[in-house]
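> Okay, here's the structure, questions in a sec.
Please treat every number below as a calculation from the coordinates, not as lab data. All values reported here derive from a predicted model rather than from experimental measurement. FYI the Cβ positions are ideal-geometry reconstructions off the backbone, even for glycines, and counts take in every protein chain you see.
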Amino acid sequence: MRKILFAALALSLGLTAQSGFAHSKPYNIAVIIKATDSDFWQYVIIGAVNYGLDNPDKAKISWYGPKSEADIEKQVALLEDIVSKKPDAIVIASTSSDSTVPALERAIDEGIAVVTIDNKVNSDKIPAFLATNNKVGGGLCADQMVANLKAKGVPLKGTVGLVSAMAGIQVLGDRDQGFRDRMKEIAPDINVLETRFTDNDIAKSLAAAEDIGTSQGDKLIGIFADNNHTGDGVARMISERNLGDKLVAVAYDSDPEEVSALKSGALKALILQDPYGMGYKGCTTAVTMLDGGKVPKYLDTGAVAVTKDNMNDKKIQDLLDPTRLKR
């Protein structure tokens, strides 16, 4: 039976205070995501919940998150409340690299196992971090853009837009820098425009893409969008203006709208992470820590380029839509 997670399936564990550093199975693991309004983070939760369903003797999973990635204060407040309830472990995708540090270090000092996923937190106390190498992923986006431009016979000159979900977020900054660095290496005559930030909002991403298209005119040959919401916005602009044959747009992550845009040609490539694996492996790592086992300080969860040509491969389909995964 397919194990699909929806918001209605969130279970409260009724976490209670524990004394000392004692832990007993099944461990209570609290998973904190960046936002509930994104399919990407729902895929993380699917992975985490499936770990609990696969291993009911080892862990019970609860999950939390603010509605939007822009609400960093809400995520910090959720974390502080969870720490006060003393679960056995916390698996967190921290939106900010700094704001959650005090609460996470307090959790570690109180004997709570902490695993960070997706975004690096600026603390030497964090024992385990699972994430994509986003500079490599950004470079893959540049590779895909240039490959598509060459295939279309477009000279490697002109301008490329860059639409980013938020400023000051480490993972996004790494993607953008990886893209810029690789473009400079393989297409030095292309000018990557100043980054446009859109508060992780699809409508604002659409507006930013429209503005880039209007201001650049025929000079514009491509757009890079650094997450699924920006990818959705850019794809809408290209579809609405019927520019799929003119512009090469590539984006990060996947959700149903991005997948449809890949099929239609509005997006030429998606760089996929493994959000399901982040959730599942994050909980696996937490249990290993609680069992007294050794875990790597950093685990690269990988990134892969997806195009119309390979999107129907079984492995790619599982990454594009983790809701289809079965255990």
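> Excluding K135 itself, calculate the net charge of residues whose Cβ lies under 11 Å from the Cβ of K135, where each Lys or Arg counts +1 and each Asp or Glu counts -1. Provide the component values of the computation, followed by the final result.
Details: positive: R175, R180, R182; negative: D174, D176, D181.
That works out to 0.
> What residues qualify as long-range amide H neighbours of F197, i.e. H under 5 Å apart, gap of 5 or more or another chain, H built at 1.01 Å from N?
S164
> How much of the DSSP bridge set in the chain is antiparallel, in percent, rounded to the nearest 5? Before the final figure, lay out the partial values.
On the way: 3 of 40 bridges.
Taking every DSSP beta bridge with both residues in the chain, the antiparallel ones total about 10 percent.
> Here is a further query. So, by mean Cβ neighbours within 10 angstrom, what's the order for 33-45, 192-204 with the highest one leading?
On the way: 33-45: 24.0, 192-204: 17.9.
Packing proxy ranking, top to bottom: 33-45, 192-204.
> Further question: Assign unit charges at the C-beta atoms only (+1 for Lys and Arg, -1 for Asp and Glu), then state the dipole size of segment 134-272 relative to its Cα centre in Debye, rounded to the nearest 20. Kindly include the intermediate steps, with their values, before the conclusion.
Details: 16 positive and 20 negative charges, 102 e Å.
About 500 debye.
> Let me ask something else about it. Of L206, A167, V136, which is farthest on the positive side of the dipole of segment 134-272, counting Cα position, with +1 on Lys and Arg Cβ, -1 on Asp and Glu Cβ, and the Cα centre as origin?
With unit charges placed on the Cβ atoms, the residue in question is V136.
> So for the chain, what are the equivalent ellipsoid semi-axes in whole Å, largest first, each being the square root of 5 times an eigenvalue of the Cα gyration tensor?
Working: eigenvalues 281, 73, 55 Å².
Working from the Cα gyration tensor, I get semi-axes of 38, 19, 17 Å.
> OK, next. Listed highest first by mean packing, meaning other Cβ atoms within 10 Å per residue, what order do 314-320, 83-89, 136-142, 288-294 come in? Kindly include the intermediate steps, with their values, before the conclusion.
Working: 314-320: 15.9, 83-89: 19.9, 136-142: 23.9, 288-294: 13.0.
Top of the packing list down: 136-142, 83-89, 314-320, 288-294.
> Enter the angle in degrees (range 0 to 90, nearest 10) between the Cα long axis of helix 202-216 and the first principal axis of the Cα atoms of the chain, meaning the one along which they spread out most.
30
> Still on this structure: For E210 and S239 in the same chain, what is the full-extension length gain: residue separation times 0.36 nm, less their Cα-Cα distance, in nm?
On the way: separation 29, 0.36 × 29 = 10.44 nm, distance 1.12 nm.
Here the segment from E210 to S239 would lengthen by 9.3 nm.
> Ok, one more. 5 Å is the cut-off here: which amide hydrogens, built 1.01 Å from N in the peptide plane, fall below it relative to V114, excluding neighbours closer than 5 in sequence?
Counting only residues 5 or more places away or on other chains, the set is I90.
> Using a/c under 1.5 as the rounded threshold, could you call segment 141-240 rounded, prolate or oblate? The axes a ≥ b ≥ c are square roots of the C-alpha gyration tensor eigenvalues, and prolate needs a/b larger than b/c, oblate otherwise.
oblate
> Another question, if that's okay. Quick one: helix 170-186 against the long Cα principal axis of the chain, what's the angle to the nearest 10°, folded into 0 to 90?
Helix 170-186 sits at roughly 30 degrees to that axis.
> May I pose another question? In segment 134-272, how many lysine pairs have Cα atoms under 19 Å apart, counting only pairs 8 or more places apart or on different chains?
Taking segment 134-272 as the scope, the lysine pair count is 18.
> Please give me the summed charge of the neighbours of E257: other residues whose Cβ is under 10 Å from its Cβ, Lys and Arg +1, Asp and Glu -1.
Details: positive: R236; negative: D39, D232, D255, E258.
Once positives and negatives cancel, what remains is -3.
> Next question, about the same structure. Mind checking the dipole of segment 207-305: about its Cα centre, +1 per Lys or Arg Cβ, -1 per Asp or Glu Cβ, Debye to the nearest 20? Before the final figure, lay out each step's value.
Working: 9 positive and 14 negative charges, 57 e Å.
Approximately 280 debye in magnitude.
> If you take the square roots of the eigenvalues of the alpha-carbon gyration tensor of segment 19-103 and sort them as a ≥ b ≥ c, do you get rounded (a/c under 1.5), prolate (a/b over b/c) or oblate?
Numbers: a/c = 2.83, a/b = 1.26, b/c = 2.25.
Verdict is oblate for segment 19-103.
> Could you state the angle between the C-alpha long axis of helix 72-85 and the longest principal axis of the C-alpha atoms of the chain, as a value from 0 to 90 degrees rounded to the nearest 10?
On a 0 to 90 degree scale, this one is about 20.
> Tell me which residues come under 5 Å, amide H to amide H, from S94 once H is placed; ignore anything under 5 positions away on its chain.
Amide H neighbours of S94, under 5 Å, 5+ apart: I117, N119.
> Sum up the charges of everything whose Cβ sits under 10 Å from the Cβ of I29, counting Lys and Arg as +1 and Asp and Glu as -1, but leave I29 out. It would help to have the intermediate numbers written out before the result.
Details: positive: K58, K60; negative: D88.
In short, +1.
> Turning to a different aspect of this structure: Once you place label points 7 Å from the Cα toward the Cβ at E185 and K263, how far apart are they in nm?
So the two model labels end up 3.5 nm from each other.
> Something else about it: So if each residue of separation counts as 0.36 nm, and I subtract the Cα-Cα distance between K246 and D313, what length gain in nm does that give?
Working: separation 67, 0.36 × 67 = 24.12 nm, distance 2.72 nm.
Length gained, K246 through D313: 21.4 nm.
> Sticking with this structure for a sec: Each residue of segment 43-52 in turn: what ³J(HN,Hα) in whole Hz from Karplus with 6.51, -1.76, 1.60 and θ = phi - 60°, glycine and Pro shown as x?
After applying 6.51 cos²θ - 1.76 cosθ + 1.60, I find 5, 4, 5, 4, x, 5, 5, 5, 4, x Hz.
> May I ask which residue of V304, I117, L79 lies farthest towards the positive end of the charge dipole of the chain, with charges of +1 (Lys, Arg) and -1 (Asp, Glu) on Cβ and the Cα centre as origin?
Farthest towards the positive end: V304.
> Is the C-alpha gyration tensor of segment 105-154 telling us rounded, prolate or oblate? Criteria: a/c under 1.5 is rounded; beyond that, a/b larger than b/c is prolate, otherwise oblate.
Numbers: a/c = 7.41, a/b = 5.53, b/c = 1.34.
Since a/c reaches 1.5 and a/b is larger than b/c, the shape of segment 105-154 is classed as prolate.
> Given +1 on the Cβ of Lys and Arg, -1 on the Cβ of Asp and Glu, and no further charges, what dipole in debye does the chain carry about its Cα centre, rounded to the nearest 20?
On the way: 38 positive and 43 negative charges, 170 e Å.
Result for the chain is approximately 820 debye, rounded to the nearest 20.
> Okay, moving on. If you take every DSSP beta bridge fully contained in segment 134-272, what fraction is antiparallel? Give it as a percent rounded to 5.
Working: 0 of 17 bridges.
Of those bridges, close to 0 percent are antiparallel.
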